[in-house]
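The values are calculated or read from the model by the stated rules, or taken from the named source; none is laboratory data. What you see is a predicted model, and the numbers here were worked out from it, not measured in a lab. So basically every Cβ, Gly included, is an ideal-geometry build from the backbone, and we count neighbours across all protein chains shown. The protein model used for the area step is the full one, side chains on, heavy atoms only, and it has no ligands, DNA or RNA in it. Shrake-Rupley method; radii C 1.70, N 1.55, O 1.52, S 1.80 Å.
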Amino acid sequence: MTYRKVTQERLSDAISKQLEGLILEGVLRPGERLPPERELARELDVSRPSLREALQKLEASGLLETRHGGGTYIKNAFATALTEPLIDLFQRHPETAYDFIEFRYTLEGIGAYYAALRATEDDRTLLRQRFDAMEAAHALDDATEEAERDADFHLAIAEASHNLVLMHVMRGLFALLRKGVVFNRMKLYGRPDARNLLLEQHRAMITHILAGDADAARAAAHAHMNHVLQVLREMQLDEARINVARRRLARQRDTDGDAAPRTPGGAVTPMPR
């Protein structure tokens with residue numbers, strides 16, 4: 001039998017693996033700034049040269065980035081790879097918003113289902129906090145704030161599902177939503193007839209998740225996404241009607257202008273009132 005030599009793992013590799021795990025698990029979030037090198041080395045109880053080497057490896061692999069002005073930040077490499085090629089495509093073809101909602105229909109249902117089965121007490125605490133924040137924004141009649149808290153609530157559900165792939169995909173999708181790439185969420189929350197229903201749908205989702213009723217949680221998530229799809233279609237129909245009416249009015253003004261009698265010198269004679 002031939003034995004392989006036992007080698008000790010380099011300290012920088014061990015540091016890299018620990019930070020990778022925290023990023024994968026969502027403990028370290030995209031956009032979050034790492035503590036200064038001296039402080040982080042002290043927290044990890046490692047030497048600064050070993051830490052620096054580990055950070056350089058993670059930056060080379062696309063998990064970290066050093067920004068102008070200083071500081072090392074978590075980079076959402078998964079979401080970036082998912083969304084960047086699609087941004088221009090979605091913006092050029094707004095009809096893909098329906099496909100986006102259909103895709104979320106499936107993911108939101110899965111997320112709510114597994115959150116009901118797997119959520120820990122800490123997950124439930126965070127979900128309650130996220131819903132309370134959304135409810136507070138609703139009471140203030142702040143559409144922008146409510147839309148942001150809506151996104152936080154859905155991401156908390158994805159985290160509570162304890163499916164790491166789902167969590168990172170959802171983060172990428174909500175990055176698109178927050179940038180207004182797919183559709184303007186502010187318009188959705190600007191409709192008085194939609195806001196109350198949206199809040200109650202979120203209330204149903206968290207109620208079933210906290211109760212551990214996976215099937216009911218999934219059904220509530222599906223009902224919510226169906227409602228969003230319906231409102232989105234109504235919004236686009238309303239916008240189409242507005243555009244048609246605007247073009248008719250502009251055409252009528254052009255026609256009225258052409259029909260106005262002219263003086264021999266070419267000036268338009270004012271129409272009698």
(1) assigned to a loop (DSSP other than H, G, I, E, B); (2) modelled with pLDDT of 85 or more all hold for Met1 apart from (2)
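Do the conditions hold for Gly31, that is, is it loosely packed, with under 13 Cβ neighbours inside 10 Å, in contact with a Lys or Arg (Cβ under 8 Å, 6 or more places away or on another chain) and closer than 30 Å to Ala160 by Cα?
no
For the subset of segment 116-141 comprising residues that are among the small types (Gly, Ala, Ser) and assigned to a helix (DSSP H, G or I), which member is most open to solvent (accessible area, probe 1.4 Å)?
Let us first name the residues in segment 116-141 that are among the small types (Gly, Ala, Ser), namely 116, 119, 133, 136-137, 139.
Still in the running and assigned to a helix (DSSP H, G or I): 116, 133, 136-137, 139.
Values: Ala116: 8, Ala133: 38, Ala136: 53, Ala137: 4, Ala139: 86 Å².
If we take residues in segment 116-141 being among the small types (Gly, Ala, Ser) and assigned to a helix (DSSP H, G or I), then Ala139 is most open to solvent (accessible area, probe 1.4 Å).
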Going through (1) polar (S, T, N, Q); (2) at pLDDT 95 or above; (3) open to solvent by 60 Å² or more (accessible area, probe 1.4 Å) one by one, Thr144 fails only at (2)
Among Phe153, Phe183, the single one that is touching a residue at least 60 places away in the same chain (Cβ under 8 Å), open to solvent by less than 50 Å² (accessible area, probe 1.4 Å) and aromatic (Phe, Trp, Tyr) is Phe183
Among the residues of segment 201-234, the number that are open to solvent by less than 70 Å² (accessible area, probe 1.4 Å), among the β-branched types (Val, Ile, Thr) and closer than 14 Å to Arg124 by Cα is 2
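When the residues of segment 9-28 are narrowed to those that are assigned to a loop (DSSP other than H, G, I, E, B) and among the aliphatic types (A, V, I, L, M), which ends up least open to solvent (accessible area, probe 1.4 Å)?
Result: Leu28.
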Sole miss for Ile87 among (1) within 17 Å of the chain's Cα centre (by Cα); (2) of a type outside the set (Lys, Arg); (3) under 19 Å from Ala158 (Cβ atoms); (4) modelled with pLDDT under 85 is condition (3)
Contact list, first residue from segment 22-38 and in contact (Cβ under 8 Å) with a residue 60 or more places away in the chain, second anywhere and among the aliphatic types (A, V, I, L, M) and not in a helix (DSSP H, G or I), beta-carbon distance below 8 Å, six or more apart or interchain, is Pro30/Ile74
I'd like to check something: does segment 45-59 contain any residue that is surrounded by fewer than 12 Cβ atoms within 10 Å (Cβ to Cβ) and within 24 Å of the chain's Cα centre (by Cα)? no
The condition of being surrounded by 20 or more Cβ atoms within 10 Å (Cβ to Cβ) and basic (Lys, Arg) holds, among Arg171, Arg178, Arg191, only for Arg171
